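Asker: Here's a structure for you.
Derivation of every value follows stated rules applied to the coordinates shown; laboratory data play no part. Every value quoted in this text rests on a predicted model; they were computed, and no experiment measured them. Cβ placement follows ideal geometry from the backbone for every residue including glycine, while neighbour counts extend to all protein chains displayed.
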Amino acid sequence: MARKDFHFNRRAALAGFPLAAARLSRAAQESSDRSPTSYPGAYSYDDQERRELNEALSSRTLFRWYGPSKPVKVAAFEKAFAEYMGVKYALAVTSGTAALHTALTALGVGPGDEVILPAWAWYACYNAILMTGALPVFAECDESLNIDPADVEKKITSQTRVVMVLHLYGCGADMDRLLLLARRHNIRILEDTAQSLGGQYKGRRLGSLGDIGMYSFQISKTLTAGEGGAVVTNDPALFERAARFHDLGLLRPLHKDLLGREAMSGFVGVNYRMNEMSGAVMLAQLRKLDTILAAFRRHARYVRDHIQSLPGLELRSLPDAGGEIGTAVFVFLKSKAARDEFVKTMRAENVAAHPPTGSLYLPAVPHIEQKTAMHPAWPSFNTPRGKSIRYGADCCPRTVELYDRCATLPIGAKDTERDLRGVVAAVKKAYRT
Ligand SMILES: *Cc1c(COP(=O)(O)O)cnc(C)c1O
């Protein structure tokens, strides 16, 4: 893309950002990023996606299981994705939300169960837990912006089944401590890797370390088919439950062959099947992941290396800096007022810094604070624990404080050295405000 367009878009992003309403406004979440920085997958589309899509269309078979000819795209994508992640099984689904719902159901989560999730997360994390009928229990985040293992331990009860570990914005959570904790308390780990596709923790792909992992291919994620998602696991029983739930309760021949046998009988499922067009685009996208990640990493490192020794400027802590994917760099200012002032000065310098977007402090969202489910008799809030639990701003105060002091420095896969130098120069100017 031409540099001129790029700068135009960056400027449009700045102009469109309603600073005062930043905290919980969905509009702010959506209008603050309109540059190529926010759409690395979409901006990488080329003849590879076109060729894959054309093949799918020419086959007249856009359904993954059958049609006028043999469907191949979703099946090939699942195989390639499992290989990339270093897992035995991958299941393509229609969205990240569908992937979370499928993963939780595969883990056997349902009414009466509790699922711990970070207070700083995305609506889908909370919603998927509600959909199973279980009770969401929020835990604090730490300076890595990910769930704090020490607070997770405090939130475990006899009803806790799963910890939903979210690898926020490209950086893995402290998996060693979380896995140890889970083993000790006999609970399972679901990794929400929607924002950290291809990232690693101590040499292993994020999403492959816990019992089950999930990804999103919505347009703001690293790779995209517009919508889409995936579930990965090494556990054949979890895969069979996931495959069945996502497709009416059935186990189709491809997945049965992969498993080698059918270990359980059917149960009720939904329809979260990925179609062949999405599979075709994702096949082409996946081949580009390493190139996109290498650019992000290089650019994020450049910015971090040049600002980390500034006295008094605090950076996001990275549990495994080598595995982080660098889709943004995060800094903490002294207070919310200082953060807002920092963002204002950065914008005056034509750098699209902004408060965190694409994730938020969930417990203070009005319908969450008020515990409004899809139906008054919904099981989540009708157990004794569900009735007594309190959300709101006070439920995870440390996370609120971190969230309010945090600013995002945008990193783009297509940034030039001049862009990056500009970001560094603007930080040096703005951070003392
Ligand atoms: C985007 C996202 C999801 C949901 O993915 P969709 O494909 O939009 O349904 C879930 N979790 C996190 C952390 C996300 O960022």
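Asker: Name the helices (complete DSSP H segments) of the chain with a Cα length along the long axis of 24 Å or more and a Kyte-Doolittle mean of at least 0.5, or state none. Let's see the in-between values first.
Answerer: Working: long enough: 289-307 (27 Å, -0.23).
The qualifying helices: there are none.
Asker: May I have the convex hull volume per residue, in Å³, for the Cα set of the chain?
Answerer: Working: hull volume 58.8 nm³, N = 433.
Taking only Cα atoms, the chain has a hull volume of 136 Å³ per residue.
Asker: Cut-off under 24 Å on the C-alpha distance; same-chain residues fewer than 8 positions from residue 336 excluded. Which lysines are left, in chain and number order?
Answerer: The qualifying lysines are 344, 428, 429.
Asker: Cross-link candidates for residue 371: which aspartates and glutamates have Cα within less than 17 Å, leaving aside residues fewer than 8 places away along the same chain?
Answerer: Cross-link targets: 113, 114, 394.
Asker: How large are Rg and Dmax for region 123-166 when only the alpha carbon atoms are used, in Å?
Answerer: 10.8, 31
Asker: A further question on this structure: Sequence neighbours fewer than 8 away in the same chain don't count; with that in mind, list the lysines whose C-alpha is under 21 Å from residue 70.
Answerer: Within the straight-line cut-off, residue 70 pairs with 79, 256.
Asker: Follow-up. Quote the FRET efficiency, to the nearest 0.05, computed for residue 50 versus residue 370 with a Förster distance R0 of 41 Å and r equal to the Cβ-Cβ distance. Mind dumping the intermediate values first?
Answerer: Numbers: r = 47 Å, r/R0 = 1.16.
With R0 = 41 Å, the Cβ-Cβ based efficiency is 0.30.
Asker: If N is the number of residues in region 36-156, what value comes out of its Cα radius of gyration divided by 2.2 N^0.38 Å? Display every interim value, and only then the final one.
Answerer: On the way: Rg = 19.1 Å, N = 121, 2.2 N^0.38 = 13.6 Å.
Normalised Cα radius of gyration, region 36-156: 1.40.
Asker: Relative contact order, percent, of region 142-216 when contacts are C-alpha pairs under 8 Å separated by at least 6 residues? All intermediate terms of the calculation are to be shown ahead of the outcome.
Answerer: On the way: 120 pairs, mean separation 21.5, N = 75.
This gives 29 percent for region 142-216.
Asker: Please arrange 162, 268 by counting, for each residue, the other beta carbons lying within 10 Å of its beta carbon, fewest first. Don't skip to the end; give the middle numbers.
Answerer: Values: 162 26, 268 9.
Ranking 162, 268 by Cβ neighbours within 10 Å, fewest first, gives 268, 162.
Asker: Something else: With just the Cα atoms defining each centre, how far is region 121-172 from region 330-368? Give it in Å.
Answerer: Cα centres, region 121-172 to region 330-368: 22 Å.
Asker: Over region 70-150, what is the relative contact order in whole percent, taking alpha-carbon pairs under 8 Å and six or more residues apart? Provide the component values of the computation, followed by the final result.
Answerer: Working: 89 pairs, mean separation 19.3, N = 81.
Answer for region 70-150 is 24 percent.
Asker: Once the mean 1/r over all distinct Cα pairs of region 341-420 is inverted, what Kirkwood radius in angstroms do you read off? Walk me through the numbers before you get to the answer.
Answerer: Working: mean 1/r = 0.0634 Å⁻¹.
Every distinct Cα pair counted, the radius reaches 15.8 Å.
Asker: With all pairs of different alpha carbon atoms counted, what Kirkwood hydrodynamic radius in Å does region 97-228 show? Show your work: numbers first, answer last.
Answerer: Details: mean 1/r = 0.0694 Å⁻¹.
Here the Kirkwood hydrodynamic radius works out to 14.4 Å.
Asker: Next question. Show that you can apply the helix-only estimate: for the chain, add -39,500 (n - 2.57) for every DSSP H stretch of four or more residues, divide by all residues, and state [θ] at 222 nm to the nearest 500. Working shown, then result.
Answerer: On the way: 17 runs with 176 residues, N = 433.
Calculated mean residue ellipticity at 222 nm is -12000 deg cm²/dmol.
Asker: Determine the relative contact order of the chain: mean sequence separation of Cα pairs under 8 Å and six or more apart, normalised by residue count, in whole percent.
Answerer: 21
Asker: Provide 131, 274 in ascending order of the number of other Cβ atoms located within 10 Å of each residue's Cβ, fewest first. Mind dumping the intermediate values first?
Answerer: Details: 131 21, 274 26.
Ascending number of Cβ neighbours within 10 Å: 131, 274.
Asker: At q = 0.13, 0.15, 0.20, 0.22 Å⁻¹, what is the base-10 log of I(q)/I(0) for region 269-364 according to the Debye formula with one equal point scatterer per Cα and no solvent? Please give it to two decimals.
Answerer: -0.69, -0.83, -1.13, -1.24
Asker: Right, something else. Using Cβ counts within 10 Å as a stand-in for footprinting exposure, how do 208, 265 rank, fewest first? Provide the component values of the computation, followed by the final result.
Answerer: On the way: 208 21, 265 8.
In order of increasing Cβ crowding within 10 Å: 265, 208.
Asker: Report, to one decimal in Å, the Kirkwood hydrodynamic radius for region 200-308 based on all distinct Cα pairs. Before the final figure, lay out the partial values.
Answerer: Details: mean 1/r = 0.0615 Å⁻¹.
Kirkwood radius, region 200-308: 16.3 Å.
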